[in-house]
Amino acid sequence: MLNPASYALGANRSCIRELFEYGNARAAIVGRENVYDYSLGNPSIPSPREVDDTIRAVLADTDTLLVHGYTSAIGDLATRTAIADDLNQRYDANVQPEELFIGSGAAPELVAVLHALTTPGSEILAIAPYFPEYKPFAESAGAIFKVVPPDIPNFQIDLQKLEEMLTPATSAIIINSPNNPSGVVYTRQTLAELGALLTKKGSEYGHPIYLISDEPYRELVYGGVEVPFVPTIYPNTIVCYSYSKSLSLPGERIGYVYVPSQAADSKALYASVAGAARACGHVCAPSLWQKVIARCAHLRPDLEAYDRNRKALYEGLTAMGYEMAKPDGAFYLFIKAPGGDANAFSEKAKQKDLLLVPGDGFGCPGYFRICYCVSYEMIQRSLPVFAELINE
C-alpha cells in the first residue's frame with residue numbers, strides 16, 4: 001500500500017523542474033546558446049574565494065574524525081556561536097547560540113518548524129506569491145494550508161485580506177522577503193503593521209500566532225534597500241535561513257533555525273523544533289559544512305553581476321511594455337503576462353526556446369517568473385525574443 005499524497009508529489013515534478021529538463025533537452029538539439037532558460041534559481045556567481053580556501057584549511061588543520069564525524073544533534077557550538085556573533089554585529093539582536101538549531105538547508109528547517117507548530121486542525125497561511133513547496137511542507141505536517149491573495153501590483157502584504165483569513169486555528173504565517181518569485185522586499189512599515197495585527201489577533205484568540213520568516217535571500221538586496229530583521233519587529237518570529245544563495249552553496253544544504261528567547265514559549269518551541277527535526281531525520285547537519293560556516297558566517301556575496309542582470313532585464317522589459325513590481329532583492333522578476341494567461345504566454349515563449357515559469361504554482365495566476373541568475377550575454381540574446389512576444 002502506497003501513500004497517495006507521496007506518490008502524487010513524486011510522480012509529478014514541479015513546473016520549474018520540468019522546464020529546466022526541457023531546456024537541457026533542447027540545448028542538446030539546438031545548442032545551449034540558443035536556449036534562454038530562466039527557469040531555475042541556481043546561483044550563477046561563484047562562492048566567495050574565502051569559502052573554498054576555508055574548506056581546504058578545515059581539511060588541513062582539523063582531525064579527520066572531527067571533520068567527518070557527528071556533531072551535536074542541534075549543531076556544533078562553535079558554529080552556532082559564530083552565527084550568533086554575526087547576527088548581533090549586524091542587527092544588535094542579542095542572539096544566543098542556544099537559540100540556534102543548525103539545519104541541512106531551509107527546506108528541512110521549514111518542515112521541522114511546521115511539524116513543531118501543527119496540531120490537529122492547525123492552519124498555516126502563506127502570502128501569495130509564495131514558494132510552491134510551502135504547500136506540501138505544511139500539508140505533510142498535517143496542517144490546513146491557506147493562501148492570502150496577492151497585493152497586486154506592489155506585492156507587499158494585503159493586511160485586510162490577511163485579517164479576514166485569520167481564525168483561532170491559525171498557528172503561523174509564512175513570509176519570504178526578499179521574495180521568491182517577485183523580488184520584492186517587505187518594508188519595515190509592512191512588517192510593523194503585520195506584527196501589530198498578529199499581536200492583536202493572538203491576544204484575541206488566547207494563543208500566539210507565529211511568523212515563520214523564510215530568509216534564503218536576505219543578503220541579496222540592491223540599492224541600499226533595507227531588509228529588516230523580523231524578530232526585532234515581531235518577537236514571535238522563527239527564522240529559517242540557508243547559505244545556499246548568500247554564499248552560492250545550494251548543493252551543500254546548510255543553514256539554521258533561530259528561535260528567539262523573547263518568542264512565546266520559546267524553550268518549548270525550540271524543543272519542539274528539535275524534536276520534529278529528529279522525527280524527520282534532519283539532525284546533525286553535515287559536519288564539514290558546519291566547520292566551514294563557523295569561519296565564514298561573516299561573508300557576504302558580491303552582487304555586482306546579479307545587479308547588472310537585474311537592471312538590464314527590468315529596464316529592457318519595462319521599456320517594451322512589460323509590467324512588474326520593481327525587484328529590490330533576490331534574483332527574480334515576476335511579470336504580468338501580456339493577454340492575462342501566463343500558461344499560454346509561457347507556452348508561446350517555449351516555442352521560441354524562451355523558458356518562463358507561469359505564476360499559478362506561486363498562487364498568482366496571470367504572472368510569470370524569470371530567474372536572472374544567468375549570464376549577461378544570454379540576457380542580451382533573449383531580449384529580442386521578449387520583444388517579439390509582446391508585439392505578436
### Some residue of segment 92-109 being in a loop (DSSP other than H, G, I, E, B) and within 19 Å of the chain's Cα centre (by Cα)
yes
#### Entry: Unmet criterion (only one of (1) in the same structural domain as GLU252 (by TED's automatic domain parsing); (2) without any contact (Cβ under 8 Å) to a residue 24 or more places away in the chain; (3) touching a Lys or Arg at 6+ places or on another chain (Cβ under 9 Å)) for GLU21
(1)
### Count of segment 129-150 residues which are crowded, with 21+ Cβ neighbours inside 10 Å and not in a helix (DSSP H, G or I)
7
### Number of the condition not met by GLY69 [criteria: (1) free of Cβ contacts under 8 Å to residues at least 24 places away in the same chain; (2) closer than 30 Å to GLY275 by Cβ]
(1)
### Message
I'd like to check something: does segment 347-361 contain any residue that is touching a strand residue (DSSP E or B) at 6+ places or on another chain (Cβ under 8 Å), among the polar types (S, T, N, Q) and either outside any strand (DSSP E or B) or farther than 18 Å from GLU21 by Cβ (or both)?
### Response
no
### Task
Look at GLN290 and say whether it is within 21 Å of the chain's Cα centre (by Cα), part of a helix (DSSP H, G or I) and modelled with pLDDT of 95 or more.
yes
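Per-residue answers, yes or no, for (1) among the acidic types (Asp, Glu); (2) modelled with pLDDT of 95 or more:
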residue: VAL185; (1), (2): no, yes
residue: ASP214; (1), (2): yes, yes
residue: ARG218; (1), (2): no, yes
residue: ARG253; (1), (2): no, no
residue: ALA264; (1), (2): no, yes
### Any pair with Cβ under 7 angstrom, 6 or more apart, that starts in segment 88-117 at a residue that is on the phi > 0 side of the Ramachandran plot and ends at one that is surrounded by fewer than 18 Cβ atoms within 10 Å (Cβ to Cβ)
ASN94/ASN88
### Task
Scan segment 116-137 for residues that are over 15 Å from the mean Cα position of the chain (by Cα) and either of a type in the set (Phe, Trp, Tyr) or under 12 Å from ILE212 (Cβ atoms) (or both) and jot them down.
ALA116, LEU117, THR118, ILE124, LEU125
### Task
Among residues belonging to segment 221-280 that are without any contact (Cβ under 8 Å) to a residue 12 or more places away in the chain and in a loop (DSSP other than H, G, I, E, B), point out the one that is nearest to ARG90 (Cα to Cα).
GLY224
### Task
Could you tell me whether any residue of segment 303-313 is part of a loop (DSSP other than H, G, I, E, B), of a type in the set (A, V, I, L, M), more than 30 Å from ILE390 (Cβ to Cβ) and touching a Phe, Trp or Tyr at 6+ places or on another chain (Cβ under 9 Å)?
no
#### Entry: Set ALA84, ALA27: member being of a type in the set (A, V, I, L, M, F, W, C), surrounded by 14 or more Cβ atoms within 10 Å (Cβ to Cβ), closer than 27 Å to TYR306 by Cα and without any contact (Cβ under 8 Å) to a residue 60 or more places away in the chain
ALA27
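The values are calculated or read from the model by the stated rules, or taken from the named source; none is laboratory data. Since the structure is predicted, the reported quantities are computational estimates derived from the model, not experimental observations. Neighbour counts are summed over all protein chains in view; Cβ atoms, including those assigned to glycine, are modelled from backbone coordinates with ideal geometry.
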